[in-house]
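Just below is one structure, and these are the notes that go with it.
The values are calculated or read from the model by the stated rules, or taken from the named source; none is laboratory data. Computed from a predicted model, the values in this text were never measured in an experiment. Cβ atoms come from the backbone with ideal geometry, glycine included; neighbour counts cover every protein chain shown. With ligands, DNA and RNA removed, areas are computed over all heavy atoms of the protein, side chains included. Shrake-Rupley method; radii C 1.70, N 1.55, O 1.52, S 1.80 Å.
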Amino acid sequence: MRYESTRSNLSGTDTFAVLQGLAQDGGLFLDKTLGSRPFAVQECLKKDSLGMAEMILSYLMPGFENMKELVEKAYSGKFETEDLTPLVQVGDAYVLELFRGPTSAFKDVALSMLPQLMTAARRQENMQGKTVILTATSGDTGKAALNGFMDVDGTSIIVFYPAEGVSPMQQRQMATQEGKNVTVCSVEGNFDDCQRGVKEAFASLADQLEGTGVSLSSANSINIGRLAPQVTYYFVAYAKLMEMGRIAFGDKVDFVVPTGNFGDILAGYYAKLMGLPVGRLVCASNANKVLTDFLETGLYDRRREFFKTTSPSMDILVSSNLERLLYLASRDENKVKGWMEQLNTQGFYQVDADTLKNIQDSFDAGCCDENETMAAIKKVWAEEKYLLDPHTAVAWHVMEQKGEKKNRPQVVLSTASPYKFPGPVLKALGVEAGKDEFADAAKLNEVTGVAIPENLAKLQQKSILHKDRIARDQIIAYVLEKVNA
Ligand SMILES: *Cc1c(COP(=O)(O)O)cnc(C)c1O
């Protein structure tokens, strides 16, 4: 089985793609037979979460040996609940709680698995030397990746986050990270600056590091080993709805996904291509609504004002994983290459009508401003006694906006614990927030009675271990310095 670049026919095995992260031509690795190989959907739906993960990952990455063992090592005993991602009915909709992992963000689902895949790939490819994981984060990937790769043999990890672009709790989570092989650095810029810096580091350092025993890889969702584990929870949600008697096999289910880098929702499209009866995939954006505009018009235009919102993990204007969808919808490497070049040099591109239609056949889009985000948190708490984090609130709002398809079950993907953003959540409930995130969290707990996740409660006692801060054009130099240290 071969993975190929979205921008050419450059190819490699699945283990190679996981180790490499990004294809050498700047494209993303993709299995171009996706959607044409059979997958035993009904058999998969009968399994428990770990069993589904094993089956789905073996299908997507058959080159890995012992997937069952890798899955068990990744997940057993690491999440709050045994089924990893519980489905909860809220009003007449459903919330898929993806934040019950070790760092209280949905990124844990993938980033618990990625280190297992990476070490297995190193073993299978007989790799010597060290793999250095470079990661740009809008807040949650950083901590989940640090947690996943901490003290993993043969690897080290460097995380870059936007200095003023993450929540105080997210910043605290990263700055207190322990482990011999971890580096955390803030960047004077936004997430897009971090992501661009990391991509440039890949491009310019690959040759320089040749022969040094150091190779670079990525924990961002550009890595197929990061994307693939996310497919599982779409199956989990579907199986739960069957178990609850809400649907029979074959009935369609809509998923509403709070979206930033387009990884989470793309995993839903993978599930659909594998045969899961997915209805609409609804892409929910905050005030940075570049994807809403694109999905409605086919014009992707990042030349616009960038907003800092209360859902910082979605403050993104260049959504990397969209590139995989562009390929799947156009089946044309040259077109994708052209669009990506134009985005890079001119800041926009317009897809052709056929590609747009293929995309719109599966995707809907909507957006939510700051007031609407706050209103959704307030309303769902008042009416259902369910506490949404700001990202999930964006999706909830968009679901209500698109209310016409309510005859089908609507599943809202919940991507973070409200306790990662206690200040804004308190404000939404009409309670004054203070300057200290732990005091805010305690107050939120007092007001709602919703438990504080243990990993967040414990942070307060931990010392700050990482204080580096650099300008956005220093990322490459910083990586070189750390790699050579
Ligand atoms: C990363 C993240 C998102 C966006 O997910 P993408 O896969 O980047 O689209 C949404 N919400 C939260 C809380 C996140 O951490």
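Points worth noting:
- Counting only DSSP beta bridges with both residues in the chain, the antiparallel share comes to about 25 percent.
- Over 21 Å (Cα to Cα) - which of Lys272/Lys357; Lys143/Lys427; Lys180/Lys462; Lys130/Lys199; Lys73/Lys107; Lys199/Lys337 fall in this group: Lys143/Lys427
- Structural descriptor for the chain: relative contact order 19 percent, calculated from alpha carbon pairs under 8 angstrom and at least 6 residues apart.
- On full extension, the segment bounded by Gln460 and Gln128 gains 115.7 nm, given 0.36 nm per residue less the C-alpha separation.
- When +1 charges are put on Lys and Arg Cβ atoms and -1 charges on Asp and Glu Cβ atoms, the dipole computed for the range 395-485 relative to its Cα centre reaches about 260 debye.
- Residue-averaged 222 nm ellipticity for the chain, from DSSP H runs of 4+ at -39500 (n - 2.57), nearest 500: -12500 deg cm²/dmol
- In the range 26-133, taking the dipole from charged Cβ atoms about the Cα centre, the farthest positive-side position among Asn66, Val90, Asn126 is held by Asn126.
- Restricting the GluC sites (Glu not before Pro) of the range 52-85 to loop positions (DSSP other than H, G, I, E, B) with no more than 13 neighbouring Cβ atoms within 10 Å leaves Glu65, Glu82.
- The residue list Val398, Pro422, Ala457 was ranked by how far each Cα lies along the charge dipole of the chain toward its positive end, using unit charges on Cβ atoms, and Ala457 comes out on top.
- The range 428-442 and the range 287-312 have Cα centres separated by 29 Å.
- For the range 254-364, the Cα-based Rg and Dmax, in that order, read 13.4, 39 Å.
- Distance between the range 65-96 and the range 10-62 - C-alpha centres, whole angstrom: 19 Å
- Computed from label points 7 Å out along Cα-Cβ, the spacing between Asp354 and Leu480 is 4.5 nm.
- Leading residue at positive end of dipole, the range 155-284 (Cβ point charges), from Gly245, Phe160, Gly179: Gly245
- Dipole magnitude of the range 133-250, debye to nearest 20 (Cβ charges: Lys/Arg +1, Asp/Glu -1, about Cα centre): 480 debye
- Shown here for the range 167-236: GluC sites (Glu not before Pro) in loop regions (DSSP other than H, G, I, E, B) with at most 15 other Cβ atoms within 10 Å, namely Glu178, Glu210.
- The mean accessible area for residues of the chain, using a 1.4 Å probe and ignoring ligands and nucleic acids, is 38 Å² per residue.
- Rg and Dmax of the chain, both derived from C-alpha coordinates alone, stand at 20.8, 61 Å.
- Relative counts (whole %) of C-alpha pair distances in the range 364-485, using bins that are 10 Å wide: 12, 33, 23, 21, 10, 1
- The range 405-465: trypsin sites (Lys or Arg not before Pro) in DSSP loop, at most 16 other beta carbons within 10 Å: Lys406, Lys435, Lys462
- Accessible surface of the chain [probe 1.4 Å, protein heavy atoms]: carbon and sulfur percent: 46 percent
- A Cβ-based charge dipole, computed about the Cα centre of the chain with Lys and Arg at +1 and Asp and Glu at -1, lands at about 260 debye.
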